[in-house]
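Worksheet: one structure, shown below.
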Amino acid sequence: MYTWHLLTIGHLSRNKFWGEREDTAYRKALATSTLISGHGQHIVVDPSLPGEAMRQALLDAAGLCPEDVTLVFSTHYHLDHHVDPLCFPNAVWMMPEKELNYLHAHWAEYLRSFPGDKEETVARCIPAPEEIAPGIRLVPLPGHTEGISGLSLDAPEGRVLLTGDAVMTREFYQAGEPYFFGWDGETGRRTIASLRGKADVIIPGHGEAFLTRCWE
Ligand SMILES: [Zn+2]
């Protein structure tokens, strides 16, 4: 059994469910970051803050520091889900293999879309196995990117699914819709539909955690 805390509650640069236009960035996006603790591990998923801010978030949420983190998992290759590759000096950092392969193969092109990322990202990351820790399984959720994968685990609340950007926020889950950009929108739509009944709690890529039973 694991426990989890949100380190950041993410938000989007634009959210059409709030009446915002998709061709305008209203704010800088922030990904939802989660801490999972149990079985002697402290795991950070989708770290979205730079070093000192992450240090404060870990202290505030759990009395921990980046040195205590044993494992980091980024759900996909987008920069806002692995903001500071120099953070967490003692952690193994994992990413789905397809996503890591994409970064290796398209680094220069990737930097044009996500300027400012550091080569340490690819240097640090290793491909995630199907089970990243005892009872925490990789769940492929293609659409937003080709290789994006979430994590499934059991917690006191029931089955918890961290989706990364396969589900952006609760509103996107309710509507069954992917974000306005991505690798393949139709695949993303099918992925969201396939999640119905699969989890008690969803932690989305850019919003608050929510109970699925309230919204299915
Ligand atoms: Zn993304």
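A few comments on the model shown:
- Test: GLU120 is over 23 Å from PHE17 (Cβ atoms), charged (D, E, K, R) and within 14 Å of the ligand (Cβ to nearest atom): no
- Filtering region 100-117 for residues that are more than 16 Å from the ligand (Cβ to nearest atom) and open to solvent by less than 10 Å² (accessible area, probe 1.4 Å) leaves an empty set.
- Of all the listed residues (LEU71, LEU64, LEU35, LEU79), the sole one being crowded, with 18+ Cβ neighbours inside 10 Å, of a type in the set (A, V, I, L, M, F, W, C), away from the ligand (no atom under 16 Å from the Cβ) and farther than 22 Å from LEU161 by Cβ is LEU64.
- Checking region 171-194 against the condition returns no match, with no residue being surrounded by 15 or more Cβ atoms within 10 Å (Cβ to Cβ), under 16 Å from the mean Cα position of the chain (by Cα), in contact (Cβ under 8 Å) with a residue 40 or more places away in the chain and more than 16 Å from the ligand (Cβ to nearest atom).
- Members of region 125-142 that are assigned to a strand (DSSP E or B) and open to solvent by 60 Å² or more (accessible area, probe 1.4 Å): ILE126, PRO127, GLU131, ARG137, PRO140
- The lone exception for THR121 - which of (1) of a type outside the set (A, V, I, L, M); (2) assigned to a helix (DSSP H, G or I); (3) modelled with pLDDT under 95; (4) surrounded by fewer than 15 Cβ atoms within 10 Å (Cβ to Cβ) it fails: (4)
- Counting only residues that are assigned to a loop (DSSP other than H, G, I, E, B), within 23 Å of MET1 (Cα to Cα) and either of a type in the set (Gly, Ala, Ser) or under 16 Å from the mean Cα position of the chain (by Cα) (or both), region 38-68 holds 4 of them.
The values are calculated or read from the model by the stated rules, or taken from the named source; none is laboratory data. What you see is a predicted model, and the numbers here were worked out from it, not measured in a lab. Positions of Cβ are generated from backbone atoms using ideal geometry, with glycine treated the same way; all protein chains shown enter the neighbour counts. Protein only, heavy atoms only, side chains kept; ligands, DNA and RNA dropped before computing areas. Shrake-Rupley method; radii C 1.70, N 1.55, O 1.52, S 1.80 Å.
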